[in-house]
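Right, one structure below, let's go through it.
The values are calculated or read from the model by the stated rules, or taken from the named source; none is laboratory data. Keep in mind it's a predicted model, so treat the numbers as computed, not measured. Reconstructed Cβ throughout: ideal geometry from the backbone, glycine too, with neighbour counts over all protein chains shown. Protein only, heavy atoms only, side chains kept; ligands, DNA and RNA dropped before computing areas. Shrake-Rupley method; radii C 1.70, N 1.55, O 1.52, S 1.80 Å.
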Amino acid sequence: MSRDPRYDILFEPIRIGPVTAPNRFYQAPHCNGMGRLFPDSMIAMRGMKAEGGWGIVATEQCDFHPTGDVQPFTETRLWGDMDVPYLAGMVNAVHKHGSLAAVELVHNGQDTGNIYSREVPIGPVHRPVTWLNHPVQARAMDLSDIRAYRRWHRNAALRARKAGFDIVVVYAGHDGTMPSHFLSRRHNQRSDEYGGSLENRLRLYRELLQDTLEAVGDTMGVVARFAVDEMMGPNGLEWQNEGRDAIEMMAEMPDMWDVNVSDWENDSMTSRFAPEGYQEDYIAFVKQVSSKPVAAVGRYTSPDTMVSAIKRGLVDMICAARPSIADPFLPNKIRDGHADDIRECIGCNICAAWNNISAPIRCTQNPTMGEEWRKDWHPEQIAPKSTESHVLVVGAGPAGLEAAHQLGKRGYRVTLAEAGSQAGGRVSRESALPNLNAWSRVRDYRLGQIAPMANVDLYLNSELSPKDVLEFGADHVAIATGSTWRRDGIGRHVRAPIPGSEFPYALSPDDIMDGKRPEGASVVVFDDDHFYMGSMMADLLVGEGYQVTLATPGLCVSSWTEHTLEQQHIEKRLVSLGVEILPRHSVVELGGGVVEMVNLVTGESVKRPGVLVPVTMRLPNDALYDALMDGPDRLKTAGIKSVRRIGDCYGPATIAAAVYEGHRYARELDTEIDPDGVPFKTVKYDLELGG
């Protein structure tokens, strides 16, 4: 197919100082949980972005001095020449496909505890370290410290050039960098030339830009990554005032502006709280005050929206992190006329979560993300079938759909049987919850890919018994029948059924999603899951007019969503809706229309009227698997060579995990797997052992 001419503008080259990007797709700097600790994985992942057509591929934040040590987070590092080789490896992987390589130089100032380097943290003023509440303080920098800091940054830019980078990103965003701390009135109360007026607070950033331009600007593009609004009202930077004034003061300094909002929780809002392109109102002024190219993020996944942003004069380059994770080949698919094949980001922030727990990046839509080197997985390529096997996949949820899709690509004959009237499983159910409609992309993408495959058949309303499976004639069977939420309250905190938790006195999330509703006007949601489902139940029910109390053994509502950058947004929303939140509480008993709880700190009994909605844990729907495996002789007689559980049926977890397990099943079918071996590559060391 040929490219739609409407999208030609996306493939125009663009000049950034002394270098030229081949198109208008800029993979924004984004963390990935690999960096300096797993450099082979990081290099392969960035190289895949370049192969997929991103004209500029950037590192994550690259720390450039031991006083900005970010341990335990696994970012990239450029402390000295010893860090040049592996970053040069990334540059080579990017250049191999004709893209430009960018490095984002970062010092996190008062945020970092320096728990590895043991250097005393530094910042604009004396201030406790913010990350992880380390019992450490940053000391106020004097003028000699500032001169040293500028020197460290300049040296890092020179090392970046030695590594072969084409672009240096000078970073003042997300309320997490030294320049942003100096710029902020709430962080900077200095009385010298680096404090007070906006011009003074901006001085350090201007100096870093000028130093970088003088050091490497003759051969490298210099990009200013700058937050124009902190979304805090008058208590922080606002684009209408100091944000705009700051850009105007530096309008022609950098070779390109990369503008966004702060902090990270606002810049990378999930789809639950922000639509595609929601930052446009904040950054629209930049091209009005600067002649330099402008890039901005906005979780852009639609080529029409991208073209619109450019033609409306908002940006010159489409800057993206999460969409490039969900589909590294997004640019090439638009270029080649296959825009309908884009795996659109669903905005769930699983990618951010895995980085925040210092683990290699994961993605709900793209199960190959982070596995490019470890498993040699390619997002668009998979080995052809090695046998003429017929595969029966039971269950068309996220695991079953992904398995059928990839098996179909391999060329196997696939039958996908779904007991319900709709494909998608938990994805269809959960995407119907308030503001989660973007999650339906997990289902829709895979159905769209399966639809034209003549070797894949999907049957709805087809619940299969063990007898049906045995008589079907398949060579391999994948059981992807999902899981079911418990109704009895057992989970992390409660280890025995809560007295009185029978239906209808307790309704599970599945009951609620099935349309069942509590009698009466009041509900107690007991959240021992700590992810999104507890808050979703409260959000849904309070929206329908129920008086809702959310109790949790955790320290706050939906505590795990701190990793997905949502916790504050969730709590703010629930409070605004009138939901009563009781942290550090557990449920003791139900009876007489009353839910009895206990304060886990004081031991005080707390009672609320209503029905209980426990959100605690799920049980695998594995009865079909157990029945089949109970008769191995019957399997042999039926000609079934393997039966395997995948997704939530095997181990309930995230949707991302279910998609991964479905993908893994398809990759590993008809492949000999060592059950005792490590199922991925690790770094090998040669060691001569003495006698």
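Given the structure, is Ser501 in contact with a Gly (Cβ under 7 Å, 6 or more places away or on another chain), open to solvent by less than 40 Å² (accessible area, probe 1.4 Å), within 30 Å of Ser586 (Cβ to Cβ) and among the small types (Gly, Ala, Ser)?
Values: in contact with a Gly (Cβ under 7 Å, 6 or more places away or on another chain): yes; open to solvent by less than 40 Å² (accessible area, probe 1.4 Å): yes; within 30 Å of Ser586 (Cβ to Cβ): yes; among the small types (Gly, Ala, Ser): yes.
Spelling it out, Ser501 is indeed in contact with a Gly (Cβ under 7 Å, 6 or more places away or on another chain), open to solvent by less than 40 Å² (accessible area, probe 1.4 Å), within 30 Å of Ser586 (Cβ to Cβ) and among the small types (Gly, Ala, Ser).
Sort out which residues of the stretch 431-452 are among the charged types (D, E, K, R) and either under 14 Å from Gly347 (Cα atoms) or buried (at least 20 other Cβ atoms within 10 Å of the Cβ) (or both), and write them in order of number.
Applying the first criterion (among the charged types (D, E, K, R)) to the stretch 431-452 yields 441, 443-444, 446.
Scanning the stretch 431-452 gives Arg441, Arg443, Arg446.
Counting residues that are under 28 Å from the mean Cα position of the chain (by Cα), which strands (runs of 3 or more DSSP E) fully inside the stretch 535-597 reach at least 1? If you could, list the steps in order and put the result at the bottom.
Values: elements: 547-552, 580-583, 585-591.
Fully inside the stretch 535-597 and qualifying: 547-552, 580-583.
Evaluated against (1) more than 19 Å from the chain's Cα centre (by Cα); (2) buried (at least 16 other Cβ atoms within 10 Å of the Cβ); (3) among the hydrophobic types (A, V, I, L, M, F, W, C), Phe38 falls short on exactly one condition, (1).
Tell me yes or no: at least one residue of the stretch 513-526 is surrounded by fewer than 24 Cβ atoms within 10 Å (Cβ to Cβ), touching a residue at least 40 places away in the same chain (Cβ under 8 Å) and in a helix (DSSP H, G or I). If you could, list the steps in order and put the result at the bottom.
Residues of the stretch 513-526 surrounded by fewer than 24 Cβ atoms within 10 Å (Cβ to Cβ): 513-522.
Add one more test, that the residue is touching a residue at least 40 places away in the same chain (Cβ under 8 Å), and what stays is 513, 518-522.
Applying the additional criterion that residues be in a helix (DSSP H, G or I) yields 513.
Checking the stretch 513-526: at least one residue is surrounded by fewer than 24 Cβ atoms within 10 Å (Cβ to Cβ), touching a residue at least 40 places away in the same chain (Cβ under 8 Å) and in a helix (DSSP H, G or I).
Pull up the stretch 453-481, narrow it to residues that are open to solvent by 40 Å² or more (accessible area, probe 1.4 Å) and of a type in the set (Asp, Glu), then point me to the one that is nearest to Glu544 (Cα to Cα). The selected residue is Glu463. In the stretch 204-312, counting only helices (runs of 4 or more DSSP H) that sit wholly within it, the ones holding 1 or more residues that are open to solvent by less than 10 Å² (accessible area, probe 1.4 Å) and among the aliphatic types (A, V, I, L, M) span 244-249, 280-283, 286-289, 303-311.
Between Arg664, Arg608, Arg584, Arg645, the distinction of being open to solvent by 40 Å² or more (accessible area, probe 1.4 Å), in contact with a helix residue (DSSP H, G or I) (Cβ under 7 Å, 6 or more places away or on another chain) and in contact (Cβ under 8 Å) with a residue 12 or more places away in the chain belongs to Arg645 only.
Which one of Glu380, Glu372, Glu402 is surrounded by fewer than 20 Cβ atoms within 10 Å (Cβ to Cβ) and out of contact with any Leu (no Cβ under 8 Å at 6 or more places or on another chain)? It would help to see each step written out before you state the result.
Numbers: Glu372 fails: surrounded by fewer than 20 Cβ atoms within 10 Å (Cβ to Cβ); Glu402 fails: surrounded by fewer than 20 Cβ atoms within 10 Å (Cβ to Cβ).
Exactly one of Glu380, Glu372, Glu402 is surrounded by fewer than 20 Cβ atoms within 10 Å (Cβ to Cβ) and out of contact with any Leu (no Cβ under 8 Å at 6 or more places or on another chain), namely Glu380.
Residue-wise test of (1) under 30 Å from Pro509 (Cα atoms); (2) outside any helix (DSSP H, G or I); (3) hydrophobic (A, V, I, L, M, F, W, C).
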position	(1), (2), (3)
Asp633	no, no, no
Val643	yes, yes, yes
Asp648	yes, no, no
Gly662	yes, no, no
Arg667	no, no, no
Glu672	no, yes, no
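Listed conditions (1) open to solvent by 50 Å² or more (accessible area, probe 1.4 Å); (2) in contact with a helix residue (DSSP H, G or I) (Cβ under 6 Å, 6 or more places away or on another chain); (3) not basic (Lys, Arg) are all met by Val579, apart from (1). For the stretch 12-35, a residue qualifies if it is open to solvent by less than 10 Å² (accessible area, probe 1.4 Å), of a type in the set (Gly, Ala, Ser) and either at negative phi or in contact with a strand residue (DSSP E or B) (Cβ under 6 Å, 6 or more places away or on another chain) (or both), and the qualifying residues are Ala21, Ala28, Gly35.
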